[in-house]
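The values are calculated or read from the model by the stated rules, or taken from the named source; none is laboratory data. The shown structure was predicted, so the numbers you read here are calculated from the model rather than taken from an experiment. Positions of Cβ are generated from backbone atoms using ideal geometry, with glycine treated the same way; all protein chains shown enter the neighbour counts.
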Amino acid sequence: MWIRMLAVMLAATLLLIALLSANPEYRLFMPGLLEGAVLTVEITLLGAVLAVFMALVAALAKLYGPLPIRWLSTTYIEIFRGTSALVQLFWLYFVLPQFGVFLDAFLVAVLALGLNIGAYGAEVVRGAIISVARGQWEAAIALNMSKAQMLRRIILPQAFTAMIPPWGNLFIELVKSTSLVSLITLADLTFKAQQMNQSTLKTVPVFTLVLLLYLAISLTVTIGMRLLEQRASKGLTRARVA
Amino acid sequence: MWDWTFTFEILPVLARAAIMTVEATALGFVIAATLGLVLASIRLAFPAAGVVVTIFVELIRSTPLLIQIFFLYFVLPKAGIVLDAFTAGVAAIGIHYAAYCSEVYRAGFENVPRGQWEASIALNLSPWNTFKDIILPQALPPVVPALGNYLIALFKETPLLSAIAVLELMQTAKNIGSETFRYTEPVTLVGVFFLVMSLVSAGIIRMLESWLQRR
């Protein structure tokens, strides 16, 4: 029901983009904007991979690590959740070079956004692991599994299902926060839009197209995550019945 | 590497800009909280209009705030509505978070047991009185923590206003940076300011939460 409505919205968005591109005033901007959109998607994908990795590591460290590592991961989570993503981008891009670390803008974008979303994701992962019923741990102990085996075979697969909806929200946040990278000179969708707006002053076509393109990307992510959720929870029901 | 004299020199300038940031946060949140309540109420009162509200919320949630700020600042003037940078920015942030807040309020309304509505009908209260005196007072307290989280999120989005040259904290730090070629101190100070403010407000929200629970 929800997925169908989202699919209709996505189809409408794509149709609208296609219709607008038929108009020469709009078509003029499409190649440049699509180029920017590709960069946006690239940063999103790499950022998402880094975010999931950091979230898993930080959550497991916070839950099961020895005390110093637990503090370290709490510090990471609080710092990246407590300051704004834009400040983090600027810090990595403008301040790190002062300490002799030079990173190119693309790397900074992926690092800052991945670490930022990863910090939020760590809490999601932690919550999902905690929410797995106690009995599952006890049963795994009874089966004489090692702690790593318990996590890998029993706990994480169940936590995974609970994680999907909040991760969906975080990925949307990630898509949207990629627009910030335009402020550190990366030629993403937003950057291209600003550039075209400044050089042609055709504000309405440029920003309308940009909004629609972002909408298409976000809706694709939402639909993908909803499908994944459906798939994962279907397996769970079957497992419960059996 | 880190120059303390320079730090103390720029501190007053940044402090003045911090006031602008707090102002933008407060105004933006007022818009978000009220407009969100209106949206959620429309959805509650007119289920037929609910679809429109749902689509509106989904549209706002799916596009970046930065683009929405640009849209209000650059596109609205073409339609004859000219807003200055601060107004456009605050309006964009307010409307963006109103979409999120409306979902929070909706959860609050759904938490009120059906029996409360039915009892109000039995007592012959008008729908408006039911909503105002029975439903709202029960729906609001449980959602205060969630609203508080969005207040912090909104606060952390205010640096985006620097993109349309509102003289808030980030823009001031950038200006200092481009005048003196020293970015380390201003940008770090901005980060510290946000961290401290977020931690403090998170603490206040936690206290408010436990106070509401005890009541």
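Which of the residues belonging to segment A:178-211 are more than 7 Å from chain B (Cβ to nearest Cβ), under 19 Å from the mean Cα position of the chain (by Cα) and under 14 Å from residue B:64 (Cα atoms)?
A:178, A:181, A:182, A:188, A:189
Among the numbered criteria (1) in a loop (DSSP other than H, G, I, E, B); (2) under 24 Å from residue B:151 (Cα atoms), which one does residue B:82 miss?
That leaves (2) as the condition not met.
Please state which one of A:65, A:47 is surrounded by 13 or more Cβ atoms within 10 Å (Cβ to Cβ), closer than 28 Å to residue A:114 by Cβ and at pLDDT below 95.
Within the list A:65, A:47, the selection yields A:65.
If I ask for residues that are assigned to a helix (DSSP H, G or I) and within 14 Å of chain B (Cβ to nearest Cβ), which ones from segment A:94-108 would you list?
Answer for segment A:94-108, where residues must be assigned to a helix (DSSP H, G or I) and within 14 Å of chain B (Cβ to nearest Cβ): A:94, A:95, A:96, A:97, A:98, A:99, A:108.
Residue check, residue B:71 against (1) closer than 25 Å to residue A:219 by Cα; (2) touching a residue at least 60 places away in the same chain (Cβ under 8 Å); (3) among the aromatic types (Phe, Trp, Tyr), all met but one. Which one?
All conditions are met except number (2).
Exactly one condition in (1) within 14 Å of chain B (Cβ to nearest Cβ); (2) surrounded by 16 or more Cβ atoms within 10 Å (Cβ to Cβ); (3) touching a residue at least 24 places away in the same chain (Cβ under 8 Å) is false for residue A:2; which is it?
Going through the list (1) within 14 Å of chain B (Cβ to nearest Cβ); (2) surrounded by 16 or more Cβ atoms within 10 Å (Cβ to Cβ); (3) touching a residue at least 24 places away in the same chain (Cβ under 8 Å), residue A:2 breaks only (2).
Pull up segment B:12-70, narrow it to residues that are within 23 Å of residue A:182 (Cα to Cα), of a type in the set (A, V, I, L, M, F, W, C) and under 16 Å from the mean Cα position of the chain (by Cα), then point me to the one that is surrounded by the fewest Cβ atoms within 10 Å (Cβ to Cβ).
B:60
Looking only at segment B:77-86, decide whether some residue is surrounded by 19 or more Cβ atoms within 10 Å (Cβ to Cβ) and either more than 19 Å from the chain's Cα centre (by Cα) or of a type in the set (Phe, Trp, Tyr) (or both).
no
Residue under question is residue A:78, and the condition is that it be surrounded by 14 or more Cβ atoms within 10 Å (Cβ to Cβ), of a type in the set (Asp, Glu) and modelled with pLDDT under 95; does it hold?
Answer is yes for this residue.
Here's a check for you: in segment B:142-169, which residue that is within 13 Å of chain A (Cβ to nearest Cβ) and in contact with an Asp or Glu (Cβ under 8 Å, 6 or more places away or on another chain) is nearest to residue B:103 (Cα to Cα)?
Here the residue is B:158.
When you scan segment B:1-42, how many residues do you find that are more than 20 Å from residue B:178 (Cβ to Cβ) and of a type in the set (Lys, Arg)?
Looking only at that region, the number is 0.
Going through B:67, B:10, B:42, B:31 one at a time, which residue ends up being touching a helix residue (DSSP H, G or I) at 6+ places or on another chain (Cβ under 9 Å) and within 10 Å of another protein chain (Cβ to nearest Cβ)? Break it down stepwise before answering.
Numbers: B:10 fails: within 10 Å of another protein chain (Cβ to nearest Cβ); B:42 fails: within 10 Å of another protein chain (Cβ to nearest Cβ); B:31 fails: within 10 Å of another protein chain (Cβ to nearest Cβ).
Criteria check complete, one pass: B:67.
Would you pick out the residues in segment A:183-204 that are part of a helix (DSSP H, G or I) and of a type in the set (Ser, Thr, Tyr)?
Answer for segment A:183-204, where residues must be part of a helix (DSSP H, G or I) and of a type in the set (Ser, Thr, Tyr): A:190, A:199, A:200, A:203.
Among residues belonging to segment B:170-201 that are within 12 Å of chain A (Cβ to nearest Cβ) and surrounded by fewer than 16 Cβ atoms within 10 Å (Cβ to Cβ), point out the one that is farthest from the chain's Cα centre (by Cα).
Among those that are within 12 Å of chain A (Cβ to nearest Cβ) and surrounded by fewer than 16 Cβ atoms within 10 Å (Cβ to Cβ), it is B:181.
Being farther than 21 Å from residue A:180 by Cα and assigned to a helix (DSSP H, G or I) narrows it down to one residue among A:69, A:77; which is it?
It is A:69.
Within the bounds of segment B:35-52, is there any residue that is hydrophobic (A, V, I, L, M, F, W, C), outside any helix (DSSP H, G or I) and without any contact (Cβ under 8 Å) to a residue 24 or more places away in the chain? I'd like the intermediate steps shown before the answer.
As a first pass, look at segment B:35-52 and keep what is hydrophobic (A, V, I, L, M, F, W, C): B:35, B:37-40, B:42, B:44-46, B:48-49, B:51-52.
Still in the list and also outside any helix (DSSP H, G or I): B:46.
Imposing the further condition that a residue be without any contact (Cβ under 8 Å) to a residue 24 or more places away in the chain reduces the set to B:46.
Yes, because at least one residue in segment B:35-52 is hydrophobic (A, V, I, L, M, F, W, C), outside any helix (DSSP H, G or I) and without any contact (Cβ under 8 Å) to a residue 24 or more places away in the chain.
Is it the case that some residue within segment B:133-141 is in a helix (DSSP H, G or I), within 14 Å of another protein chain (Cβ to nearest Cβ) and either closer than 29 Å to residue B:83 by Cα or within 19 Å of the chain's Cα centre (by Cα) (or both)?
No, segment B:133-141 contains no residue that is in a helix (DSSP H, G or I), within 14 Å of another protein chain (Cβ to nearest Cβ) and either closer than 29 Å to residue B:83 by Cα or within 19 Å of the chain's Cα centre (by Cα) (or both).
What's the number of the condition residue B:107 fails, among (1) within 22 Å of the chain's Cα centre (by Cα); (2) in contact (Cβ under 8 Å) with a residue 60 or more places away in the chain?
(2)
Given the residues A:53, A:29, A:106, A:99, which is the only one that is among the aromatic types (Phe, Trp, Tyr), over 25 Å from the mean Cα position of the chain (by Cα) and surrounded by fewer than 20 Cβ atoms within 10 Å (Cβ to Cβ)?
Unique residue meeting the criteria: A:99.
Any chance you could count how many residues in segment A:131-178 are without any contact (Cβ under 8 Å) to a residue 24 or more places away in the chain and either part of a helix (DSSP H, G or I) or at positive phi (or both)?
Going through segment A:131-178 one residue at a time, the tally reaches 18.
So which of B:120, B:162, B:102 ends up being under 26 Å from residue B:61 (Cβ atoms), buried (at least 18 other Cβ atoms within 10 Å of the Cβ), without any contact (Cβ under 8 Å) to a residue 24 or more places away in the chain and among the small types (Gly, Ala, Ser)?
Answer to the check: B:162.
Filter segment A:68-93 for residues that are touching a residue at least 60 places away in the same chain (Cβ under 8 Å) and aromatic (Phe, Trp, Tyr); which is farthest from the other protein chains (Cβ to nearest Cβ)?
Once the filter is applied, the top-ranked residue is A:93.
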